[in-house]
Amino acid sequence: MAPAPATGDDLSAAAAAITHRTVEVGSGVRLHVAEAGPAGAPAVLLLHGFPELWYTWRHQMRALAAAGYRAVAPDLRGYGEKKVFVAAHDWGALTAWNLCLFRADRVRALVALSVAYTPRSAARRPVDGLRALFGDEYYICRIQEPGAIEAEFARLGTELVLRKFLSYRSTGPLFIPKSGWGSPDDQVPLPSWLTEENLKYYTSEFEKTGFTGGLNYYRALNKTWELTSSWTSAEINVPAKFIIGDLDLTYHTPGIQDFIHKGGFKKFVPLLDDVVVMKDVGHFINEEKPKEVSEHIINYINKFN
């Protein structure tokens, strides 16, 4: 039986009930985890992208808790449950697709945002392919040299770097010129869905840790490709729903729309139930359209209860 719909009062109560703790996983790895919702309820694991934190899911956590689910949002990596629903965005989506690939037995269903599953290419390492397509100043290529992009971000300052990333709304590829990604004095207005208070939280957290941890995910792309040769052309055998904005730069990567809509995506994710393209929405979809994304997630996972 699906959890009952939330009332406004329920939602307010759930909003006040987000708790935080540190858990230890693996060999001494400690992760910060935010949680909301009743203990023992069906779990929904929420995985964020770059440059984000658990905080990117704050809207969905409140809605899920009010709908009777237990929302679990780590600062990436993941958090162990016997079997969970997963909702994931950007790098979190890529991580979640791999979770479904390697351990389909641990995932009841997945809602992926912004990044579709694409099968491993046997022909070319991913960074090499991106460099051939977009050149050395494409942001993923610029990130590859340890220390270089960190120095550029330090020159600009944490807050401005976050402003630039979070306000990016072009459908074209993102470039970070070697000559410099603008001036520290650049004035970058925030999008309507992000407040100065929200940005202050992101900034305070990234000032503590720096960006290197998140950047290293990009630096591991080629290594991951090398380690996953056994999964070339493998299918994802988990029920899944995919949501993307029509203004998302990832939706305008050459060839991706044909892959998504003309059978390629469904071929490699045979249990793909639905693809939703949200109109006039950019990359940070779960923050830009929190109510709509929350409803999509809850309505989909309710099907499995």
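The values are calculated or read from the model by the stated rules, or taken from the named source; none is laboratory data. What you see is a predicted model; the values in this text were computed from it and never measured. So basically every Cβ, Gly included, is an ideal-geometry build from the backbone, and we count neighbours across all protein chains shown. Side chains are part of the model used for accessible areas, which takes the heavy atoms of the whole protein and leaves out ligands, DNA and RNA. Shrake-Rupley method; radii C 1.70, N 1.55, O 1.52, S 1.80 Å.
May I ask you to say which residue of PRO184, PRO191, PRO177 is out of contact with any strand residue (DSSP E or B) (no Cβ under 7 Å at 6 or more places or on another chain), closer than 23 Å to GLU287 by Cβ and modelled with pLDDT of 95 or more?
Result of the check over PRO184, PRO191, PRO177: PRO191.
Filter the range 110-152 down to residues that are free of Cβ contacts under 8 Å to residues at least 12 places away in the same chain and of a type in the set (A, V, I, L, M, F, W, C), then give me how many there are.
Counting residues in the range 110-152 that are free of Cβ contacts under 8 Å to residues at least 12 places away in the same chain and of a type in the set (A, V, I, L, M, F, W, C) gives 5.
If a residue must be within 15 Å of LEU247 (Cβ to Cβ) and touching a residue at least 60 places away in the same chain (Cβ under 8 Å), how many such residues does the range 158-173 contain?
The total comes to 7.
Hey, can you tell me all the residues within the range 169-197 that are part of a loop (DSSP other than H, G, I, E, B), farther than 30 Å from GLY255 by Cα and under 25 Å from the mean Cα position of the chain (by Cα)?
VAL188, PRO189, LEU190, SER192, LEU194, THR195
State all residues of the range 183-202 that are out of contact with any helix residue (DSSP H, G or I) (no Cβ under 7 Å at 6 or more places or on another chain) and either among the aromatic types (Phe, Trp, Tyr) or farther than 19 Å from PRO290 by Cα (or both); if no residue qualifies, say none.
Of everything in the range 183-202, those that are out of contact with any helix residue (DSSP H, G or I) (no Cβ under 7 Å at 6 or more places or on another chain) and either among the aromatic types (Phe, Trp, Tyr) or farther than 19 Å from PRO290 by Cα (or both) turn out to be SER183, ASP185, GLN187, PRO189, LYS200.
Only residues that are at pLDDT below 90 and not basic (Lys, Arg): list them for the range 19-42, please.
Once the filter is applied, which keeps residues that are at pLDDT below 90 and not basic (Lys, Arg), the range 19-42 yields THR22, VAL23, GLU24, VAL25, GLY26, SER27, GLY28, VAL29, LEU31, HIS32, ALA39, GLY40.
For the range 174-211, enumerate the residues that are open to solvent by 50 Å² or more (accessible area, probe 1.4 Å), in contact (Cβ under 8 Å) with a residue 24 or more places away in the chain and either among the aliphatic types (A, V, I, L, M) or closer than 14 Å to TYR139 by Cα (or both).
PHE175, LYS178
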